[in-house]
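**Q** This structure is in structure tokens; I'll ask about it shortly.
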Amino acid sequence: MGDLLQRCLSGRNDGESKGHRRTRAVVLWALLALMVIWALFNLRAIGAAFAEFGVYLGYKFIQRALLAGALVSLCASLLGVTLVLKHYSMIGDGLSHVGFGSLTIAMALGFVTADSLPAFLPASLRGGIAGLCRGIAANPLPFTLVVVVICAFLLLRLSERSSMRGDSAIALISTSALAAGVIVTSMTSGMNVDVYNYMFGSILAMRASDVYVSLALSAVVLVLFVLFYPRIFAVTFDEAFARATGVNASAFNMLIAFLTALTVVVGMRMMGTLLISSLIIFPALSSMRLFSRFKAVTICSAIVSVACFAVGMLLSCVYSLPTGAGIVAVNLFVFILFSAIAAARG
Amino acid sequence: MSLIAMRDVTIAFEGVVAVERVSFQIDPGDYLVIVGENGSGKSTLIRAMLGLVRPRSGSVVYGDGLTKERIGYLPQQTAAQRGFPASVEEVVLSGCVNRMGRRWFYNRADRAKADANMALLDVTRLRKKAYRTLSGGQQQRTLLARALCATDALLLLDEPVTGLDPAAASEFYAVIRNLNREHGVAVAMVSHDLGGAMRDANKVLVMNRGVDFFGDVEAYREAFAERMVTRRG
């Protein structure tokens, strides 16, 4: 069974017998048929859901969340194509855990008062530190951003050095950051709704400032991606060749890590720390089932990502699911659908 | 004037000397084969010629209008590439990045060059095909077309026939021979396949951290005739 599942998930047809391919196609189409049947039985509920969603669309915070979320999804999918193909998918996951850790620490800093600091420090310095901590706690985004960007460069260096075993190093850093976040949380505020939202995502977490940040971010990612498209392709396909012909591959890796860090931090509160990396990985993987040209894969994953976001958002509004989980579920559905089409094409 | 002259080049990684006091040069029209045991510094030498590693001492001098960005390079294939979603056309065109300078996108001249090299290597009919669905030989020809987009003077090939079956390998050698003799492209090839590589070459470099031998193929055959016989036996 495990073997079968692996066959279903791995896209490679070469060296596979016809029987295996047929089994895979049958399994995938059966799954798909089940989903369609479920949808048919729930037709009325789905119709009601759309009507309800129309009402939701009137709310300012939903509009905000939709705009910011769609832009973040777009950025994540573009970066995802490169990250997945360069085998850096884990960096996105690692960064989100680091993001969670630094967010909770930033929030915990709000509990620092001048009196709780060591007495040997001068009173004015204690006041200053406490003020700074309160400032960070009130607006944790810049602090988180700085920490995550630093960690992005660190993770990149770790995975570039094969001798360090990059994947284990990433797992080490990300779980440590998660543990630090959990410890700090339970020592201060405890597991409250805020923390729950950080972990699993909530559209309510998107503030007005997030919309501006995500607008700026997506503009930067889109412009850079289009302008550097030929060079990004060269570095992604063959870093050794790109370096040899004078492309500054390290700079491109840094740029991609930097943009990934930004995307993760902005998208984290919508998707949830534990699920943001799916936004990076899923659209690229789904598109690679169907397309075999880099440009087609890139464009398809951008479309898939935004579409899945919109549908997932709808589901989460109507059934009051955590947003991130809804979006991941829709992405998984698209992945299975694309795999089924690919299998049927043979 | 030589395209590349290595003068007394020594390269070390974390204190371990990989290449020691190596001197040789590649002239226009040369076909140089670089041989040696595993770990004898062949690939490091190639990377030094491309300017990817900095020698600890000695110098790498480019001549005859060659710059290090203008070398066509065929790296060893990585596992990641074999499943990469890209068309042949996209891969070949990416060889033009070193000609772009401050431009953002490929221009008509770049596309024409890519077309010409696809025709030269007989991959034009595969141009819309996915790179990952090609045979090993077709993949190598595609990568060679890409390398030719980056240069018309010097090709550096790092074990290009590894993983090819004998028929594909001899076909690949024929392509290289044609590029070298008909189109005047100088070639430097790292190879394990002594017989096949040596048939067309005019110069041999035997690496063993330092230079064991550098010179014409005929001289190499005379000097190493006995050793080769015992090895084959």
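Only the coordinates and a few stated rules stand behind these numbers; no lab work does. As the structure is a prediction and not an experimental result, all values here were calculated from the model. Virtual Cβ from ideal backbone geometry, glycine too; neighbours counted across all protein chains shown.
**Q** Kindly provide the Kirkwood hydrodynamic radius of chain B in Å, to one decimal, from all pairs of distinct alpha carbon atoms. Walk me through the numbers on the way to the answer.
**A** Numbers: mean 1/r = 0.0543 Å⁻¹.
Result for chain B, one decimal place: 18.4 Å.
**Q** Let me ask something else about it. How well do other chains shield peptide B:100-111, expressed as the mean number of their Cβ atoms within 10 Å of each residue Cβ? Write out the running numbers ahead of the final one.
**A** On the way: counts 6, 1, 0, 1, 6, 4, 2, 0, 0, 0, 1, 0.
That average works out to 2.
**Q** Across bins of 5 angstrom width beginning at 0, how are the C-alpha pair distances of the range A:178-307 distributed, in whole percent?
**A** The percentages, shortest bin first, are 2, 9, 14, 18, 18, 14, 10, 7, 5, 2, 0.
**Q** Sorted from fewest to most neighbouring beta carbons within 10 Å, what does the list A:W29, A:W38 look like?
**A** A:W38, A:W29
**Q** Per residue, what volume in Å³ does the convex hull of the Cα atoms of the range A:108-216 enclose?
**A** 157 Å³
**Q** Moving on. With angles folded into 0 to 90 degrees, how steeply does helix A:249-271 sit against the dominant principal axis of chain A? Use alpha carbons for both and round to 10.
**A** Approximately 80 degrees, to the nearest 10.
**Q** Taking the Cβ of B:G65 as the center, what net charge do the other residues with Cβ under 15 Å away carry, scoring Lys and Arg +1 and Asp and Glu -1?
**A** Values: positive: B:K68, B:R70, B:R99; negative: B:D27, B:D64, B:E69, B:D152.
Net charge around B:G65: -1.
**Q** Shifting gears a bit: Give me the distance in nm between label points sitting 7 Å out from Cα along the Cα-to-Cβ direction at B:D165 and A:D194, one decimal.
**A** 6.6 nm
**Q** What angle, in degrees between 0 and 90 and rounded to the nearest 10, separates the Cα long axis of helix B:166-182 from the longest principal axis of the Cα atoms of chain B?
**A** So the inclination is approximately 90 degrees.
**Q** Compute the distance in nm between two label points, each set 7 Å from the Cα along the Cα-to-Cβ direction, one at B:N38 and one at A:S320.
**A** Those two pseudo-labels are separated by 6.3 nm.
**Q** Each residue of the range B:109-115 in order: what ³J(HN,Hα) in whole Hz does its phi give by Karplus 6.51 cos²θ - 1.76 cosθ + 1.60, θ = phi - 60°, with x for Gly and Pro?
**A** 4, 4, 5, 5, 5, 4, 4
**Q** If you split all Cα-Cα distances of the protein assembly as shown into 20 Å bins from zero, what percentages do you get per bin, shortest first?
**A** In whole percents, the pair-distance histogram is 18, 43, 29, 10, 0.
**Q** Assuming R0 = 22 Å, can you tell me the calculated FRET efficiency for the pair A:L125 and A:S176, based on Cβ-Cβ distance, to the nearest 0.05? Could you put the intermediate results ahead of the total?
**A** On the way: r = 30 Å, r/R0 = 1.36.
Once rounded, the FRET efficiency stands at 0.15.
**Q** Helix A:89-108 against the longest principal axis of chain A: what's the angle in degrees, Cα atoms only, rounded to the nearest 10?
**A** The answer is roughly 30 degrees.
**Q** Report the semi-axes of the equivalent ellipsoid for the range A:57-339 in whole Å, largest first, where each axis is √(5λ) for an eigenvalue λ of the Cα gyration tensor. Mind dumping the intermediate values first?
**A** Details: eigenvalues 215, 117, 52 Å².
Result for the range A:57-339: semi-axes of 33, 24, 16 Å.
**Q** Within the range B:1-110, report the trypsin sites (Lys or Arg not before Pro) that DSSP leaves as loop and that have at most 16 other Cβ atoms within 10 Å.
**A** Details: sites: B:R7, B:R21, B:K42, B:R47, B:R56, B:K68, B:R70, B:R82, B:R99, B:R102, B:R103, B:R108; in loops: B:R56, B:R102, B:R103.
Filter output for the range B:1-110: B:R56, B:R102, B:R103.
**Q** Suppose R0 equals 25 Å; then what is the FRET efficiency for A:L57 and A:A307 from their Cβ-Cβ distance, rounded to the nearest 0.05?
**A** On the way: r = 17 Å, r/R0 = 0.67.
E between A:L57 and A:A307, to the nearest 0.05, is 0.90.
**Q** Note the full-extension length gain between A:R22 and A:R345 as 0.36 nm times their separation in residues minus their Cα-Cα distance, in nm to one decimal.
**A** The A:R22-A:R345 span can extend by a further 115.2 nm.
**Q** Just to be sure I follow the definition: excluding the sites themselves, where is the longest run in chain B that has none of the GluC sites (Glu not before Pro) in a DSSP loop with at most 14 other Cβ atoms within 10 Å? If you can, show how the numbers build up before the last one.
**A** Details: sites that count: B:E14, B:E37.
With GluC sites (Glu not before Pro) excluded where exposed in loops, chain B gives B:38-233 as its longest stretch.
**Q** Right, next: Stretched out fully, how many nm does the piece from B:N202 to B:N107 gain, at 0.36 nm a residue minus the Cα gap?
**A** On the way: separation 95, 0.36 × 95 = 34.20 nm, distance 3.72 nm.
Result: 30.5 nm gained on full extension.
**Q** Another question, if that's okay. Which residue fluctuates most in the GNM of chain B (Cα springs below 10 Å): B:M118, B:M207, B:M100?
**A** Maximum fluctuation in the GNM of chain B, among the listed residues, is at B:M100.
**Q** Out of A:T113, A:T273, A:T104, any idea which swings most in a Gaussian network model of chain A, alpha carbons joined below 10 Å?
**A** Among A:T113, A:T273, A:T104, the largest GNM mean-square fluctuation belongs to A:T113.
**Q** Additional query: Round to the nearest 0.05 the FRET efficiency obtained for A:I37 and A:F258 when R0 = 45 Å and r is the Cβ-Cβ distance.
**A** Working: r = 46 Å, r/R0 = 1.01.
That gives a FRET efficiency of 0.50.
**Q** Shifting gears a bit: Among B:F224, A:F282, what is the fewest-to-most ranking by other Cβ atoms within 10 Å? Numbers along the way, then the final one.
**A** On the way: B:F224 16, A:F282 25.
Listed from fewest to most nearby Cβ atoms, that is B:F224, A:F282.
**Q** Right, here's the next one. Considering the dipole of the range B:80-223 built from charges on the beta carbon (Lys and Arg +1, Asp and Glu -1) around the Cα centre, which of B:Y131, B:H183, B:L164 is farthest to its positive end?
**A** B:Y131
**Q** With θ taken as phi - 60° and the coefficients 6.51, -1.76 and 1.60, list the Karplus ³J(HN,Hα) couplings across the range B:45-61 in order, rounded to whole Hz; mark glycine and proline as x.
**A** Per-residue couplings from phi come out as 4, 4, 5, 5, 5, 8, x, 7, 10, 9, x, 6, 8, x, 9, 10, 10 Hz.
**Q** Still on this structure, I have one more. Just tell me how shielded B:139-147 is by partners: mean number of partner chain Cβ atoms within 10 Å of each residue's Cβ, no decimals.
**A** Numbers: counts 0, 0, 0, 0, 3, 0, 0, 5, 3.
Per residue, the number of nearby Cβ atoms from other chains is 1 on average.
**Q** Tell me, Kirkwood radius of the range B:1-92 from alpha-carbon pair distances, in Å?
**A** 14.9 Å
**Q** I need the shape label for the range A:235-346. Rule: rounded when a/c is under 1.5, else prolate if a/b > b/c, else oblate, with a, b, c from the alpha carbon gyration tensor. Walk me through the numbers before you get to the answer.
**A** On the way: a/c = 3.36, a/b = 1.38, b/c = 2.43.
It is oblate, given that a/c is not under 1.5 and a/b is not larger than b/c.
**Q** Looking at the protein assembly as shown, send over the antiparallel percent of its DSSP beta bridges, to the nearest 5. Kindly include the intermediate steps, with their values, before the conclusion.
**A** Values: 19 of 36 bridges.
Around 55 percent antiparallel, to the nearest 5.
**Q** If you plug each phi of the range A:184-196 into the Karplus form 6.51 cos²θ - 1.76 cosθ + 1.60 with θ = phi - 60°, what whole-Hz ³J(HN,Hα) values come out, in order, with x for Gly and Pro?
**A** Here the 3J(HN,Hα) series is 4, 4, 6, 7, 10, 8, x, 6, 9, 4, 4, 5, 4 Hz.
**Q** Then there is this: Provide the three semi-axes, in whole Å and in decreasing order, of the ellipsoid equivalent to the range B:145-188 as defined by the square roots of 5 times the Cα gyration tensor eigenvalues. Let's see the in-between values first.
**A** On the way: eigenvalues 71, 28, 13 Å².
Ellipsoid half-lengths, sorted descending, are 19, 12, 8 Å.
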